[in-house]
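The values are calculated or read from the model by the stated rules, or taken from the named source; none is laboratory data. Given the structure is predicted, the values throughout are model-derived calculations rather than measurements. Ideal geometry is used to build each Cβ from the backbone, glycine not excepted, and the neighbour counts take in all protein chains shown. Note: accessible area is taken over every heavy atom of the protein model, side chains too, but ligands, DNA and RNA are not part of it. Shrake-Rupley method; radii C 1.70, N 1.55, O 1.52, S 1.80 Å.
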Amino acid sequence: MKIVIFLTMLIAGLLLIPDSLVGQSVSAHGDGEAAMDQYDFTLLLIKAAISALIALAVLQIVRRVR
């Protein structure tokens, strides 16, 4: 059950966190397509980290309620 909650929160966070919220603190260095690929990957990593932290917090809350 905990794995399902964690994966659901992780995927929901990746989909629901807007790129503009995270993208303000990330700058793209380089030239053309390589820079944009790096920028997109960096956004994805940051969004995954934020989502994982939120999912872990929800799991801790669920554990304490039980």
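Of the accessible area of the chain, computed with a 1.4 Å probe over protein heavy atoms only, carbon and sulfur atoms account for 68 percent. Axis angle, to the nearest 10 degrees, between helix 2-16 and the longest C-alpha principal axis of the chain: 30 degrees.
Which translational diffusion coefficient, to the nearest whole µm²/s, is obtained for the chain from the Stokes-Einstein equation, given a Kirkwood hydrodynamic radius over C-alpha pairs, 10 °C and 1.306 mPa s? Translational D for this selection: 121 µm²/s.
Ranking ALA49, GLN60, ALA12 by Cα position along the charge dipole of the chain, where only Lys, Arg, Asp and Glu carry charges on their C-beta atoms, puts GLN60 farthest toward the positive end.
With 0.36 nm allotted per residue and the present C-alpha distance subtracted, the VAL26-PHE41 stretch has 4.3 nm of extension available. Its Cα centre serving as origin, the chain has a Cβ charge dipole (Lys and Arg +1, Asp and Glu -1) of approximately 820 debye. In the chain, the calculated helix contribution to ellipticity at 222 nm averages -27000 deg cm²/dmol per residue, counting -39,500 (n - 2.57) for every DSSP H run with n ≥ 4.
Whole-Hz Karplus values for the stretch 51-66 come out as 5, 5, 5, 5, 5, 5, 5, 5, 5, 5, 5, 4, 5, 6, 5, 5 Hz, taken residue by residue from phi with 6.51 cos²θ - 1.76 cosθ + 1.60 and θ = phi - 60°; glycine and proline positions read x. Packing order of peptides 29-39, 7-17, highest average first: 7-17, 29-39 (average count of other Cβ atoms within 10 Å over each peptide's residues).
Extending 7 Å from the Cα toward the beta-carbon at both ARG63 and GLU33 defines two label points whose distance is 4.5 nm.
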